[in-house]
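Student: To start, I am sharing the structure in question, which I have written as structure tokens.
The values are calculated or read from the model by the stated rules, or taken from the named source; none is laboratory data. Every value quoted in this text rests on a predicted model; they were computed, and no experiment measured them. Glycine gets a Cβ as well: all are built from the backbone with ideal geometry, and neighbour counts include every protein chain shown. Quick note on the areas: whole protein, heavy atoms, side chains included, nothing else; ligands and nucleic acids left out. Shrake-Rupley method; radii C 1.70, N 1.55, O 1.52, S 1.80 Å.
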Amino acid sequence: MRGRRIQIPLPNTGTMSRRRSSFCLRTSLVIFLVLFIFLQLHIMSYSDPREGHIGDVTNDSTAAILSMVPPVLHKFLTVKAKNVSHDHNGSATNGGEMQFHNPNISEMKRAIYRYNEMQNVINEDIFGPLQNDSVIIVVQVHKRITYLRHLIVSLAQARDISKALLIFSHDHYDEDINELVQSVDFCKVMQIFYPYSIQTHPNEFPGADPRDCPRDMKKEQALIKKCNNALYPDLYGHYREAKFTQTKHHWWWKANRVFNELEVTRFHSGLVVFLEEDHYVAEDFLYLLGLMQKRSHDLCPKCNILSLGTYLKTFNYYTYSNNKVEVTPWISSKHNMGMAFNRTTWKEIIKCAEHFCSYDDYNWDWSLQHVSQHCLKQRLHVMVVKGPRVFHIGECGVHHKKNNCESNQVISKVQKVLHIATKASQLFPKTITLTVASVVQKTKLRKGNGGWGDKRDHILCLNMTLSGR
């Protein structure tokens, strides 16, 4: 029996070719993804035997944070036990030197007056006098000493910090903070003290006078009660709260003090950088600031503010790979951290003191934006670095109350990101490139936040601009 001949169809070469291409493409994508994930895990798990396992993102203990700090700087993070005895009057003595243990208000006022009169520059004999074009760094300090310790550690590691003048502006007198500040040995240091603090005026304006109107009292009731500021609620119908008004007063006072009153700054023409006690700086922040200042003349002639910090919800070392800066109108909520400007910009701002001091908002940065929008001939424009060199590590303050105020998690994250950026040679860029914001946001003419309706605050604020050398 002759068998049936079976015909096998020949394959379609076009179909086979498409299948091979599709297979190769899928394989390439899988290989790429595997390599990408591997590289990410490798980078994030990088470890240095001298510094512990920085890839362990959950390890934010105090010991782990300390391990990321050069041993020579541990002294700024170590709380010293004091060997303090008391004399028969109850005053503390330390090594024969008289100190005030919980000084009373009169003692604090005398000490504050003495500091402000002396205008002493610590370490000037070591680092030499301030040059007119050197950078001045002004830190606004309240009483969060833990944050301040970490800021000082970060400043100590900054390149060229020895050329700068570091001014600490205090609105709370505290011997532990004073001792910490006076122990700074890596640059010139000065302390100035806001003289109208709520600490030294606890029962009178600008503190909380018991005869002042309660915050939520209705104006009709206040007029009947005849409390001090009955005629001046804010635009939301609330009366002033001293703890909120102090920050704006302090910022305005210290700016006037630095530019207009200190002998050491009389001829200073360089940049003044404004920081706060809960900031943390990268080691190249002064280097990059200088680079931005040099390039601003050709990249953005109209820029009158440079900003080194941005409020990023997430940040990683990739942020530092492009060395880009952005030019945009200055926005208070985005560009108020690590901002720097010179005397020329300040002279324009001070002309608008009336606008700043009378604007019904207890925030200095919102008030400054009001000045920019309503008074300045040329609005404030900022050159801001895309990869931040100033970070906000504060978790607790006037507006935020949390159980963990040590902020170890944030500090640890900043340390690790900067460590990886350093190892990847992403800091100290040779040049910067300008990227214009894809969508230029129009800054709305915003209504103030209130808290600044009291005429006494307006007068106090304006009086700060009248004093001089």
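Student: Residues being farther than 23 Å from Leu306 by Cα and either free of Cβ contacts under 8 Å to residues at least 40 places away in the same chain or surrounded by fewer than 22 Cβ atoms within 10 Å (Cβ to Cβ) (or both): count how many of those fall in segment 361-372.
Tutor: The number of residues fulfilling the criteria is 0.
Student: Among the residues of segment 357-370, write down those that are hydrophobic (A, V, I, L, M, F, W, C) and either at positive phi or under 21 Å from the mean Cα position of the chain (by Cα) (or both).
Tutor: Residues satisfying the conditions are Trp364, Trp366, Leu368.
Student: Also: Of the conditions (1) crowded, with 23+ Cβ neighbours inside 10 Å; (2) within 19 Å of Phe341 (Cα to Cα), His268 fails just one. Which one is it?
Tutor: (1)
Student: Go through (1) buried (at least 21 other Cβ atoms within 10 Å of the Cβ); (2) not in a loop (DSSP other than H, G, I, E, B) and name the single condition Thr310 misses.
Tutor: (2)
Student: Additional query: Counting only residues that are touching a Lys or Arg at 6+ places or on another chain (Cβ under 7 Å) and under 30 Å from Leu151 (Cβ atoms), which one in segment 373-390 is least open to solvent (accessible area, probe 1.4 Å)?
Tutor: His381
Student: Next up: So which residues in segment 136-155 are open to solvent by less than 20 Å² (accessible area, probe 1.4 Å) and over 14 Å from the mean Cα position of the chain (by Cα), if there are any at all?
Tutor: Hits for segment 136-155 are Ile136, Val153.
Student: Quick check: is even one residue across segment 341-360 polar (S, T, N, Q), over 21 Å from Ile136 (Cβ atoms) and either open to solvent by 40 Å² or more (accessible area, probe 1.4 Å) or in a helix (DSSP H, G or I) (or both)? Show your work before the answer.
Tutor: Applying the first criterion (polar (S, T, N, Q)) to segment 341-360 yields 342, 344-345, 358.
Adding the requirement that they be over 21 Å from Ile136 (Cβ atoms) leaves 358.
After this cut, where a residue has to be either open to solvent by 40 Å² or more (accessible area, probe 1.4 Å) or in a helix (DSSP H, G or I) (or both) as well, the list is 358.
Yes, there is a match, as at least one residue in segment 341-360 is polar (S, T, N, Q), over 21 Å from Ile136 (Cβ atoms) and either open to solvent by 40 Å² or more (accessible area, probe 1.4 Å) or in a helix (DSSP H, G or I) (or both).
Student: Among the residues in segment 278-288, are any modelled with pLDDT of 95 or more, of a type in the set (A, V, I, L, M), buried (at least 23 other Cβ atoms within 10 Å of the Cβ) and closer than 21 Å to Trp366 by Cα?
Tutor: No - not one qualifying residue is present in segment 278-288.
Student: Ok, one more. Out of curiosity, is Asp209 over 23 Å from Leu275 (Cβ atoms) and either without any contact (Cβ under 8 Å) to a residue 40 or more places away in the chain or polar (S, T, N, Q) (or both)?
Tutor: yes
Student: Filter segment 210-253 for residues that are outside any loop (DSSP other than H, G, I, E, B) and basic (Lys, Arg) and give the result.
Tutor: Answer for segment 210-253, where residues must be outside any loop (DSSP other than H, G, I, E, B) and basic (Lys, Arg): Lys219, Lys225, Lys243, Lys248.
Student: Output yes when any residue across segment 164-178 is more than 29 Å from Ala81 (Cα to Cα) and either modelled with pLDDT of 95 or more or touching a strand residue (DSSP E or B) at 6+ places or on another chain (Cβ under 6 Å) (or both), and no when none is. Give the derivation first.
Tutor: First, pick out the residues of segment 164-178 that are more than 29 Å from Ala81 (Cα to Cα): 164-165.
Restricting the remaining residues to those that are either modelled with pLDDT of 95 or more or touching a strand residue (DSSP E or B) at 6+ places or on another chain (Cβ under 6 Å) (or both) gives 164-165.
Checked segment 164-178: at least one residue is more than 29 Å from Ala81 (Cα to Cα) and either modelled with pLDDT of 95 or more or touching a strand residue (DSSP E or B) at 6+ places or on another chain (Cβ under 6 Å) (or both).
Student: Determine whether Ser296 is touching a strand residue (DSSP E or B) at 6+ places or on another chain (Cβ under 6 Å), among the small types (Gly, Ala, Ser) and either open to solvent by less than 40 Å² (accessible area, probe 1.4 Å) or in contact (Cβ under 8 Å) with a residue 12 or more places away in the chain (or both).
Tutor: Yes: the conditions hold for Ser296.
Student: Can you spot a residue in segment 119-126 that is crowded, with 19+ Cβ neighbours inside 10 Å and either without any contact (Cβ under 8 Å) to a residue 40 or more places away in the chain or over 16 Å from Val281 (Cα atoms) (or both)? Outline the logic, then answer.
Tutor: So in segment 119-126, the residues crowded, with 19+ Cβ neighbours inside 10 Å come out as 121.
Of the ones still in play, those that are also either without any contact (Cβ under 8 Å) to a residue 40 or more places away in the chain or over 16 Å from Val281 (Cα atoms) (or both) are 121.
The answer is yes; a qualifying residue exists.
Student: For Thr93, state whether it is at pLDDT below 95 and under 25 Å from the mean Cα position of the chain (by Cα).
Tutor: So Thr93 fails the test.
Residue-by-condition table, conditions (1) more than 16 Å from the chain's Cα centre (by Cα); (2) aliphatic (A, V, I, L, M); (3) at pLDDT 95 or above:
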{"site": "Ser332", "(1), (2), (3)": "no, no, no"}
{"site": "Met337", "(1), (2), (3)": "no, yes, no"}
{"site": "Arg343", "(1), (2), (3)": "yes, no, yes"}
{"site": "Ile349", "(1), (2), (3)": "yes, yes, yes"}
{"site": "Cys352", "(1), (2), (3)": "yes, no, yes"}
{"site": "Leu376", "(1), (2), (3)": "yes, yes, yes"}
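Student: Right, another one. Restricting the search to segment 184-227, which residues are under 23 Å from Ala156 (Cα atoms) and open to solvent by less than 50 Å² (accessible area, probe 1.4 Å)?
Tutor: Val184, Phe186, Cys187, Lys188, Val189, Met190, Gln191, Ile192, Phe193
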